Amino acid sequence: MPPHLGANAKVSHAKKSETSAAKGPNPAGPTPDATTGKLSSLIIDLLRPYRTGLAIVLGSMLVQTLTSLAAPWPLKVILDNVVGNHHLPAWLEWIHRYPIAQSKSGLALLAASAVVLIALIGSIAGYVANYYTESVGQWVANDLRLRIYHHLQRLSLSYYDTHQTGLLLSTLTDDVATIQNFASSATLGILIDLLTIVGMLGLMFWLDWDFALIAVGVTPFLLLFVSRFKKSVKKATHEVRKRQSDIVAVVQQGLGSMRTVEAFGREDLEESRLGEASHATVEAALKARQIKALLSPVVNLTVALCTAIVLWRGASLILSGAMTVGSLTVFLAYLSKFFKPVQDLAKMTNTIAQTSVGLERIQAILDTDVGIPQKTDAKDPGSLRGRIVFEHVAFAYDPAAPMLRDVNFTIEPGQRIGIVGPTGGGKSTVVSLIPRFYDPTNGRIRIDDQDLGDLELAALRRNIGFVLQDTVLFRGTIRENIAYGRPGASEDEIREAARLANAHEFIDRMPQGYDTLVGERGLTLSGGQRQRLGIARALIRNSPILILDEPTAALDTESEKLVMEALERLMHGRTVITIAHRLSTIRDADKIIVLKAGVVAEEGTHAELVRLNGVYAELHRIQTGDTPAPKA
């Protein structure tokens, strides 16, 4: 962080509380005043760390404004006091004390030098203002990106079940970029314009209040028009941003599923989806442009009308000797500079609308409170033994379709548990509740006789390792992917985990060994290699509880053998919960829990459940073709 932006310039997202309880949405929605207040609070919160930089920007802008106000006066001196025969204004009489100002040629030289000096001071002030404004804008965008991502990382999976990743990406990139551009350039222009308007008005009233009233009289009507116009522009801009987000969502989905697209030959379908989204964006943008195009002609016509009245009135006063040519020139310069900021502010309506829409979309994410709640007095349980108890647990992704209804079972420390059942029976949901990816809607879950809600979330998840059916690897080196679960792992620990996972041999054969880069999601590796790296990742994490989601389901026979050997080493001494689709993988489990229709239908060992001739026996018969034993 550059020191000139202030010692307090720190990313504030990390300070946000992560302990608030989940809240339901307000059915009536936020009021406009509440929304405006939240947006103002967000902006102030983002700018607060950069007070020093903003103070420098404001000082530079004041200097710029003063040089802009002084710029026409050398021309007035030339016209009235060098070319004409008028006396200098009283406040400039002091110049005659210097010999060079005694002659008209010397006075002309001073006036010309003043033009250069004013421009030099204004240029330096402009450079300083632009530099610090850009710095503040970049760091504000950085803080905002991190704050949004920090918040997204802490939302529960239920949020991502109902929100498109592409839309979130659009907000994290496009909306933040819009705000950054506004903070880096538009804010500077708006502040200078406002300061210039105030300064010009004061000087115009001082020069000729009659003329000044012409400008002041028209300005309120012009600003009223712009204000009424702003609502339509904002609505149109909101629609454009929504359509642009649709494009990002379509492209993200298509590129992320390219293997499937090409496998089924549906390139034309994906192109047509993008075409529809792009066409809708063009239509929305053209509609917005049609609205915005009305603004400039109205402002230009108003400015021309005011200028014409001043010229007509000024010519009459010059002819009658009541005004000098220089005074009229200065006034016209001020009038044009007065209306230029008004024009700029009017034209800035689009930029302001885009920024406002971006802020609202960002605030909508930050206002989302569907994270997993953590109590303020939550405790770190240390290393858990792994006794897990489900007591009358119910859960529903959608209240109209409960996934779990009344689940009860107990897992003892060190047991190997299999969870099976028909598709949709709730197997994945049950294991998702243990690390609190979701919370039960009813009932409770205890681990080592402690309610899950009483434990620190990070500490709970630190005690749980995962090997999933499709191990996800991140873009980076093999070393980084193995150590993902424990970044501080040593080189020896990484290599030992790879050996135990039967991964060291294939890693060692790679060109860069453990420094070999894997492609996105690890697709440059085979399925068996990815699974063994996933096991190595779980081994190095060394968690007492292990959740397996059929990690060998998609593997060939040779890879399955290597993975099973590695899993045996991984499972030793741990509480293991395996979601099984192939019953052969859990024949030796200490206990098998059979889920059906959201409840525990059966529970026991493989042999006991086969003899029971119930749900498990039917699944076993379907997979093996065996005839079940008759019921006792």
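The values are calculated or read from the model by the stated rules, or taken from the named source; none is laboratory data. Owing to the predicted nature of the structure, the values given are computational and were not obtained by experimental measurement. All Cβ positions, glycine included, derive from the backbone under ideal geometry; neighbour counts span all protein chains shown.
Out of A112, A141, A101, I need the residue that is at pLDDT 80 or above and more than 24 Å from the chain's Cα centre (by Cα). Which one? Unique residue meeting the criteria: A112. Could you say which residue among T196, T133 is closer than 21 Å to R51 by Cα and over 18 Å from the mean Cα position of the chain (by Cα)? After ruling out the rest, the residue left standing is T133. Listed by position, the helices (runs of 4 or more DSSP H) enclosed by the range 114-206 that each have at least 3 residues that are closer than 30 Å to S432 by Cβ are 157-161, 165-170.
Count of the range 160-180 residues, restricted to those that are farther than 18 Å from Q253 by Cα and either surrounded by fewer than 18 Cβ atoms within 10 Å (Cβ to Cβ) or among the aromatic types (F, W, Y) (or both), is 1.
Selection of first residues in the range 95-118 that are assigned by TED's automatic domain parsing to the domain that holds L75 and of a type in the set (V, I, T) and of second residues that are loosely packed, with under 15 Cβ neighbours inside 10 Å and modelled with pLDDT of 80 or more, restricted to Cβ pairs under 8 Å at least 6 apart or on distinct chains, gives the following pairs, ordered by first then second residue: I100/L109. All of (1) of a type in the set (A, V, I, L, M, F, W, C); (2) in contact (Cβ under 8 Å) with a residue 60 or more places away in the chain; (3) surrounded by fewer than 16 Cβ atoms within 10 Å (Cβ to Cβ) hold for A401 with one exception: (2). Picking from residues in the range 439-459 that are of a type in the set (A, V, I, L, M) and more than 27 Å from the chain's Cα centre (by Cα), the one that is farthest from N408 (Cα to Cα) is L455.
For D369, the conditions (1) in a loop (DSSP other than H, G, I, E, B); (2) at pLDDT 85 or above are fulfilled apart from (2).
Out of T302, T349, T281, one residue alone is modelled with pLDDT of 80 or more, crowded, with 19+ Cβ neighbours inside 10 Å and in the same structural domain as M200 (by TED's automatic domain parsing). It is T281.
Here V82 passes the criteria (1) closer than 29 Å to W139 by Cα; (2) of a type in the set (A, V, I, L, M); (3) touching a Leu at 6+ places or on another chain (Cβ under 7 Å) except the one numbered (1). When each of V599, V594 is tested for being over 41 Å from the mean Cα position of the chain (by Cα) and at pLDDT 85 or above, the lone residue that passes is V594. Looking only at the range 490-518, residues that are assigned to a helix (DSSP H, G or I) and surrounded by 15 or more Cβ atoms within 10 Å (Cβ to Cβ) come to 12 in all.
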